[in-house]
Structure formats: structure tokens, C-alpha cells
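Heads up, the thing below is written out as C-alpha cells.
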Protein chains: 2
Amino acid sequence: MAHSEENPIPPTERQVREASRQRREGEKQALRQAILDAASEVFLEKGLESFSMRLVASKIGYSATTIYHHFKNKEDLLRAILDQSFGEFAQAMQESLAAEPDPSRRMGAMGKAYVRFGVAHPTHYQLMYNQRPDWLLDESSLAAEAYHLTYGLLLEGVKEGVSQGWLPPTDPRPLADWMWATVHGLVMLGITEFREDPDRLEAAMTLFDLAPPSHEVPQ
Amino acid sequence: MAHSEENPIPPTERQVREASRQRREGEKQALRQAILDAASEVFLEKGLESFSMRLVASKIGYSATTIYHHFKNKEDLLRAILDQSFGEFAQAMQESLAAEPDPSRRMGAMGKAYVRFGVAHPTHYQLMYNQRPDWLLDESSLAAEAYHLTYGLLLEGVKEGVSQGWLPPTDPRPLADWMWATVHGLVMLGITEFREDPDRLEAAMTLFDLAPPSHEVPQ
DNA sequence: TGGATCGAGTTAACATCGTTAACATACTTT
DNA sequence: AAAGTATGTTAACGATGTTAACTCGATCCA
């Protein structure tokens with residue numbers, strides 16, 4: 001049973017305290033994560049407008065003020081959701097990049113992956129790109145890091161396309177912004193105007209396969 | 001002076017009452033319009049999030065509850081703003097259509113006009129297309145009417161382009177949706193990510209002049 | 001003319017929100 | 001043991017949308 005075997009070298013006071021500190025630290029982080037998970041869930045279900053601290057707290061059985069021991073305020077909590085969302089988004093983009101070896105087809109594949117992520121996570125996508133654009137100006141945030149990383153993927157693809165000739169010889173940045181606008185617009189229409197008619201988004205997305213139109217098999 | 005000339009036929013009791021009724025009706029409509037104007041102003045300055053009935057009322061020197069004699073509730077008031085905004089938008093689109101006679105150039109001109117309207121009226125544009133998409137499902141509203149009208153203009157242009165050969169021979173609707181997504185995305189990026197850098201939007205918008213690229217002067 | 005009715009405005013109140021202050025309790029440190 | 005810290009609570013404030021109850025004057029009808 002419990003004390004049938006005794007530790008021949010009992011832990012020092014210092015060791016006990018350290019273990020206790022770690023346990024408490026872990027519990028604190030666990031609760032922080034539980035709040036964050038509950039918050040992300042509430043945000044998904046309710047959207048930004050009906051997202052409330054009290055609702056998040058009640059979801060995990062704490063009073064609302066407890067959240068303020070783990071997050072400075074509502075904005076801080078939403079920024080944590082933003083960081084998490086942008087991280088998942090950047091990962092999805094990198095995976096879609098790695099999945100398609102042909103550079104010219106890669107652009108279309110990434111475009112599709114972009115739109116699919118957006119419409120699959122409508123409320124989070126809107127938080128990322130619509131509702132608090134100024135939060136991305138904080139360059140030290142994880143969100144800003146992922147934001148610049150994904151734009152970098154697009155810009156590199158465009159530069160490659162221009163240099164390889166399967167994109168017109170223009171300034172890459174405006175062209176990248178133009179393409180970004182297209183996928184961003186598809187997501188936004190997909191989660192608003194086309195919400196009741198997903199086939200309409202699918203039909204529009206077939207145009208991703210149109211460019212490059214001429215060389216089915218190079219050489 | 002005032003009574004130097006007397007009306008030879010004094011108004012009947014009935015006429016007086018009718019005039020009074022009309023005056024009161026006019027005053028009611030005037031206050032309704034004053035509320036609507038103030039609301040649109042508050043909405044422009046504060047955005048949807050900080051738009052409040054009390055703020056609108058205080059702007060015109062009435063108590064908040066007065067608004068409820070002229071609008072059913074906050075949603076009703078915002079819908080009135082939406083109707084007004086969509087009407088102005090549809091008019092701007094029709095003017096841009098009339099201004100450019102060449103059909104192939106017209107698409108680019110309308111695209112530019114679309115984006116310019118959106119970035120010029122950021123908060124109203126977001127109410128129109130982002131924040132309450134379900135309100136457009138009420139087909140009897142002025143907003144829905146203008147919404148379908150503007151989409152019709154785009155779709156007709158695309159059909160014309162396909163039949164005349166300066167657009168690829170594809171199903172017009174997905175192509176129209178694709179183009180819509182592009183301009184919509186440009187507006188959204190323009191009022192969020194590019195807000196601090198208007199030149200970036202301008203640079204992207206130069207691509208409107210790229211298509212059709214080949215025939216500067218037909219024949 | 002006098003009393004009923006109605007329109008248009010008011011104040012007071014309710015529930016909900018984010019947030020802070022004050023407090024309780026348990027654990028850690030000294 | 002005492003002091004301090006971490007983590008939770010309840011109570012309260014001001015702002016929000018909205019409703020109820022009311023005032024007051026104009027209108028309508030006898």
C-alpha cells in the first residue's frame with residue numbers, strides 16, 4: 001500500500017517546495033489554457049459581438065473575475081485567441097505549400113487552402129483580418145509573426161512566378177496584394193453572402209485551376 | 001402688414017384640420033429624418049460597436065426613448081442606415097457604368113469605382129456587406145433591391161465580355177463572383193490592413209488597367 | 001365649451017455587460 | 001508563528017438596449 005515502501009532518501013524541504021511550486025505553476029497554466037479553450041469555443045459559437053467574459057467563466061465553472069487573474073482584460077483574452085488562430089492558419093498555409101511541388105500550380109493550391117481555412121473558421125478568420133486590424137501592428141505578437149510569414153509565402157510565390165515567366169512581368173507586390181484581395185474576398189463572401197449557398201463558393205473556386213492555362217505539361 | 005389683405009374665402013374647419021394634420025405629419029417625418037441623419041453620423045464616427053441609441057438621441061437633444069417612437073428598435077434604425085447606404089452605392093455604380101462607353105474598359109472602371117466607394121465609406125460598407133449579411137435576405141428592403149441591382153450590373157458585364165470574346169469562355173456567374181471577390185477583397189484590405197498605407201491600395205488598383213492587355217486601339 | 005382620446009415626449013427601472021475594489025482563504029516564505 | 005503571496009469570491013459602478021408608466025398638450029366629438 002501507500003507506505004509499504006519508504007523512500008530511503010526523503011526529499012529535502014527545498015525539493016518539496018520546488019515540486020509544490022511546479023505543481024502550482026502547472027495548475028495555473030492549466031487553468032489559463034482552460035480559460036483560453038473555453039473562450040475560443042464561446043467565440044466560435046457566439047462571435048465577437050456576443051462574446052462575454054461572464055459566459056466564458058460560467059462555461060468552466062468559475063466566476064467572471066477569475067479570468068482577470070490570468071488575462072489582463074477582454075482584449076488580452078481575445079488577443080490570445082488571435083495568436084492561436086493565426087498560428088494554426090500559418091501552419092495550414094505552410095502545409096499546403098509543401099504539398100504541391102510545381103511552383104505554378106502551388107499558387108492555386110495555396111489559394112484554395114487559404115479560402116478553405118477561412119470558411120472553415122469564419123469567426124476566427126474575421127477576428128484575424130477584419131475586426132481588430134490594429135492588433136496586427138504589435139510586431140512582437142505571435143499573430144503579427146504568422147501574419148507576415150503567410151504574406152511572405154505569397155510574395156515569394158509571385159516573385160518566382162514573375163521570374164519564371166508564368167506570371168506577367170509586373171511589380172510583384174501589387175500583384176501579390178491583388179491575389180491576396182481575391183482570396184480574402186472569396187473568404188469574406190463565402191462566410192457572408194454565400195453562407196447559405198456553399199456551391200456558389202465552390203463554383204467560383206474552380207477558377208483557381210484556370211491559371212496557368214496554357215502548359216498542361218511543361219516541355 | 002399681416003392682416004392688410006384678408007382671405008376672401010376663409011378656410012373651413014375641415015381644411016384647417018387637414019393642414020394641421022399635414023404639418024404634424026411633416027414634423028414627425030422631419031424628426032425621423034433628423035434621427036436617421038444623426039444615427040448615420042454616429043455610425044460613421046463610432047462604427048457599429050460603439051453605436052448607441054443614447055448617443056444618437058443626445059446628438060439631437062432628445063431622450064433615448066424618443067427614438068422608439070420613430071424606429072422599432074436599434075436594428076430597425078440600423079436597417080434604415082443600410083437602405084440609405086446601399087442606395088447611394090447603387091447610384092455610384094450606375095454612374096460609373098454610364099461614364100465609360102467601351103464595354104471592356106467599363107469593367108475596370110466599375111471595379112475602381114466600387115473600391116473607391118468602399119474605402120471612402122468604410123463603416124457603412126462593412127454594414128452593407130459584412131456585419132449583417134442576413135438583413136439582405138429580406139427581399140422587400142431597399143437594401144436588397146440595390147444589392148441585386150449592382151450584382152446584376154456586374155453579371156451583365158461579364159456576360160457581355162464572354163460573348164464578345166474579351167473574357168474567357170466560361171460560366172459567367174462564377175467569373176462574376178470571382179471578380180466581385182477581388183473588388184470586395186480590395187475594399188476590405190483597403191479599410192483594414194492597408195488603412196495606414198493608402199498608396200499600397202492605389203498600387204494594387206493599377207492592375208485594373210491591365211485587362212484587356214492587348215488591344216490598346218481596337219481595329 | 002368640456003371631456004375623452006391620442007401623440008409625442010419624458011423619467012425610472014431592469015437585465016446584461018466589462019471592470020474594479022474589497023475581502024477570504026490557502027499556501028509559501030522567513 | 002508571522003508576514004506575504006496567489007487565487008479565488010462577492011458587491012458594486014457606469015454604460016448598454018429596452019420597456020413601463022407617466023405627463024402634457026393638441027385634437028376630436030358631444
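Every read-out reported here was derived from the displayed coordinates using simple, explicitly stated rules and does not represent laboratory data. Nothing here was measured: the structure is a model prediction, and the numbers come from that model. We place every Cβ from the backbone using ideal geometry, glycine too, and count neighbours over all the protein chains shown.
Of note:
- Projected label distance in nm at A:Glu88 and A:Glu196, using a 7 Å step from Cα toward the beta-carbon: 2.8
- Scalar couplings 3J(HN,Hα) for the stretch A:33-47, obtained by applying the Karplus form with A = 6.51, B = -1.76, C = 1.60 to θ = phi - 60°, are 5, 4, 4, 4, 5, 4, 5, 5, 5, 4, 4, 4, 6, 9, x Hz; x denotes Gly and Pro.
- Set of the stretch B:96-138 residues, backbone N closer than 16 Å to the point 7 Å along the Cα-Cβ line of B:Leu149: B:96-99, B:114
- Pairs exceeding a 25 Å alpha-carbon distance, out of A:Lys46/A:Lys74; B:Lys28/B:Lys74; B:Lys74/B:Lys112; A:Lys46/A:Lys72: B:Lys74/B:Lys112.
- Rounded to the nearest 0.05, the FRET efficiency derived from the C-beta distance between A:Ala34 and B:Ala120 at R0 = 30 Å is 0.10.
- Chain B's nearest residue to the axis relating it to A, judged by Cβ and reported with the distance in whole Å, is B:Gly185, 1.
- At R0 = 35 Å, FRET efficiency that the Cβ-Cβ distance of A:Asp102 and A:Lys74 yields, to 0.05: 0.15
- Descending principal axes extents, the stretch A:130-195, alpha-carbon based, whole Å: 37, 35, 14
- For A:Trp166, the amide hydrogen comes within under 5 Å of no other amide hydrogen, counting only partners 5 or more places away or on other chains and with H modelled in the peptide plane.
- The alpha carbon centroids of the stretch B:20-82 and the stretch B:96-150 are separated by 25 Å.
- Overall Cα dimensions of the stretch B:79-210 - principal axes, largest extent first, Å: 41, 38, 25
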